[in-house]
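The values are calculated or read from the model by the stated rules, or taken from the named source; none is laboratory data. The structure displayed is predicted, hence computed values, not measured ones. Positions of Cβ are generated from backbone atoms using ideal geometry, with glycine treated the same way; all protein chains shown enter the neighbour counts.
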Amino acid sequence: MRRLGAKLIVMAFLTVGVTVFGQSRQTAVKSGSLTEEEARFPLPAVSSGEETALEQVIDAEEYMVGPGDELSVNIWSGMEQRFALKISPEGVLSVPTVGDLLLAGKNLNEAKELVKREVRRVYSKGEITVHLSKLRKFRIPVSGIVHFPGVYEAAAADRVTHLLEKAGGLILQQPEVLRKDKKGEIIPETLSSQRNILLIHREGDTTRVDFLMFARSMDADYNPFVEEGDAIYVPPLSEEIGTVEVNGAVKMPGIVEYAPGDKLADLIRISGGFRDDAKRDAVIVTRCTGKGAEFRTYYLDMQAGGGAGEFKLESDDRVLAQSEFEYHLRNQVTVTGEVKYPGVYSIVEKQTRLSELISLAGGFTDKANLSGAKIIRTSDEEIADPEFERLKLIPVADMTEMEYEYFKTKSREKVYVVADFEGLFNGGDKAQDVLLRDNDEIEIPVQAKTVRVSGQVLNPGLVKWEEGKNYQYYIEKCGGYSYNARKSKTRIIRASTGTWLKPTNSMEINFGDTIFIPEVPERDYWVIFKDTLLVLSQMVTIIVLVNTLNK
């Protein structure tokens, strides 16, 4: 009865497989991988005629010999004899001059010992060796959600994945060419389960094959060998099976198909294991307890060596592996310009000071301009400006004049940390030894004794700095103002701070500063006249209308 039940199960699975096989064939025809003629007939069993490729040396204690296996029996005596013998379908090995030996149900070691013992009864002298020379072949039906269901040739050293490969593999994603029904609606391809594949044995019992676990862990226990009488069934990936989601400090976070009997350690393993920063003593499992929003939370310690890894999961559980706070932070500061060793340096945030970092960079060069040195801060939490963030979402045309000026200024602005480099390094003022933050940038410019004059002068460019001279001196050095210079809007841009100042005759210019003279904006006086005339005419019209109404 058990064998009859097993046969009925296999036939049922093959029936399902033929249906899916037909669907897969239709998809293959539409995609161009099969012709109509090829799709009309089932695929033959695959047989390359080549020797079976082995993944490792066969374990003689585990390998069970059976019908079709070929044994090499060698008798090394005065007259050397060699026999290549196959085990019969009844499990019998016929050895010339010795007789029939029943090997069914024995592993390879037991079979070899039995053959040696019986051959020794006839050949008392010489050495006797027995080896497995060829593996037996048999056929395995593969049904369910695979590309090409059918019956395929297998060897005793083949695993389930070898047969799935012969059947075209699992269907893991929707094809580029989608099938449509008569109404033109897309028919989605049924996807394969990866973790609940069934290996059905001759006696009717089954072994669950976890293809995903095998692929990620390469643990052969999840990918067993096939035997005569086995059948493989790949069920569809369905919502009834459910999923488990793993997030946080694991190497491959995401949603994983649930398999009955899953334990916490299994899901951590299938997710690639913990990352180095994982807080293993605080793994959180969240489980829905009903139809509503109610849930229960479990806090599990997988570091203590207890049974937390054996915690049984349920479908729709959510697993979170927390990270250690500030684990291996890579805080760094970039130093450019006139230091001996410019580059990117690691720091301890809020502990490393400016003087320590300059020391690490080898100190300043002889050309360093300390008065123009800057620390630029990019830390979002310190430069956050809600008003600027709001303006970034508004079209420029909808801004008021004041909002546009603010937006334009902030767009050009860099956040500088106030630090007097000269006071710290030349005057010993420890109050200027600021604490550095992650991603700070320190710029040490070259000590160029020049002043830049830019804009509307006859010969804009660099002018040699002269102590005590005002801005007019440098403008005259550049040939004076050009014809369209807007003199009243002349500005001094300080090299040390980047601030814009309105100049006075008594203001001293420092080397590195920039003097900027803007251009007088062009005006169309005819347009101005027309606009003025239009406004005046409208005002007259309003006055006349008011007087008329008052009468």
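Here are the numbers for the structure shown:
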quantity: Pairs where the first residue, in the range 461-481, is in a loop (DSSP other than H, G, I, E, B) and the second is of a type in the set (S, T, N, Q), C-beta under 6 Å, 6+ apart; calculated: W465/T450; N470/N505; C478/N459; G479/N459
quantity: Matching entry among E176, E127, E153, E110 (being among the charged types (D, E, K, R), more than 30 Å from N196 (Cβ to Cβ) and in contact (Cβ under 8 Å) with a residue 40 or more places away in the chain); calculated: E127
quantity: Count of residues meeting criterion [surrounded by 14 or more Cβ atoms within 10 Å (Cβ to Cβ) and not in a loop (DSSP other than H, G, I, E, B)] in the range 313-354; calculated: 16
quantity: Residue within the range 84-101 that is in the same structural domain as I171 (by TED's automatic domain parsing), surrounded by 18 or more Cβ atoms within 10 Å (Cβ to Cβ), touching a Gly at 6+ places or on another chain (Cβ under 8 Å) and over 30 Å from Q173 (Cβ atoms) present; calculated: no
quantity: Breaking point among (1) assigned to a strand (DSSP E or B); (2) out of contact with any helix residue (DSSP H, G or I) (no Cβ under 9 Å at 6 or more places or on another chain), for I542; calculated: (1)
quantity: Residue list for the range 130-185, filter: basic (K, R) and part of a loop (DSSP other than H, G, I, E, B); calculated: R136, K182, K183
quantity: Selected residue (criterion: surrounded by the fewest Cβ atoms within 10 Å (Cβ to Cβ)) from residues of the range 160-187 that are among the small types (G, A, S) and modelled with pLDDT of 85 or more; calculated: G169
quantity: Selection from the range 252-296 of residues that are of a type in the set (S, T, N, Q), surrounded by 14 or more Cβ atoms within 10 Å (Cβ to Cβ) and assigned to a loop (DSSP other than H, G, I, E, B); calculated: S271
quantity: Tally, over the range 355-380, of residues that are surrounded by 15 or more Cβ atoms within 10 Å (Cβ to Cβ), closer than 24 Å to I509 by Cα and free of Cβ contacts under 8 Å to residues at least 40 places away in the same chain; calculated: 0
quantity: Output for the range 399-430, where each listed residue is exposed (fewer than 15 other Cβ atoms within 10 Å of the Cβ) and of a type in the set (V, I, T); calculated: T400, T409, V415, V418
quantity: The listed residue being at pLDDT below 90 and of a type in the set (G, A, S), out of G272, G292, G254; calculated: G292
quantity: Of the criteria (1) surrounded by fewer than 16 Cβ atoms within 10 Å (Cβ to Cβ); (2) touching a residue at least 12 places away in the same chain (Cβ under 8 Å), which one D230 fails; calculated: (1)
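This table checks each residue for (1) assigned to a loop (DSSP other than H, G, I, E, B); (2) more than 15 Å from H131 (Cβ to Cβ); (3) within 52 Å of the chain's Cα centre (by Cα).
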residue: A60; (1), (2), (3): yes, no, yes
residue: G66; (1), (2), (3): yes, yes, yes
residue: F83; (1), (2), (3): no, no, no
residue: P89; (1), (2), (3): yes, yes, no
residue: L93; (1), (2), (3): no, no, no
residue: T97; (1), (2), (3): yes, yes, no
residue: V119; (1), (2), (3): no, no, no
